[in-house]
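Read the figures in this text as sums done on the coordinates, not as results from a lab. Computed from a predicted model, the values in this text were never measured in an experiment. Positions of Cβ are generated from backbone atoms using ideal geometry, with glycine treated the same way; all protein chains shown enter the neighbour counts.
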């Protein structure tokens, strides 16, 4: 192999390895290096419910109770949990909650 050809091969491999490393870094950043803990997911969901639905302190406590009672059920499906939460909400809150459910289904699948 001529020195010029060796230089081109080395340069090409350098660009290839840089692309692979950069792609891996972007993938890790977008996916998150560590998966989100269950507690973090629950806290994020509760914050979204409070902010978007404007839950009162009483409603918040009741929703936390529903989520705790159905912690195991949620692994199988959200339907029963969602039904109980709907009963705690006013009409405007229920409409916004339905939007949130549709967004969750779009993200996670039905």
Legend entry - Efficiency of FRET between residue 100 and residue 58 - r from beta-carbon atoms, R0 30 angstrom, step 0.05: 0.90
Legend entry - Shape metrics for the chain, restricted to C-alpha atoms - Rg then Dmax, Å: 23.7, 78
Inset, instruction - With everything on Cα atoms, drop me the angle between helix 79-88 and the longest principal axis of the chain, reported from 0 to 90° to the nearest 10. - result: 50
Legend entry - Cα-based helix-to-principal-axis angle, 91-108 vs the chain, degrees rounded to 10: 30
Legend entry - Rounded to 10°, Cα long-axis angle of helix 38-53 versus longest principal axis of the chain: 60
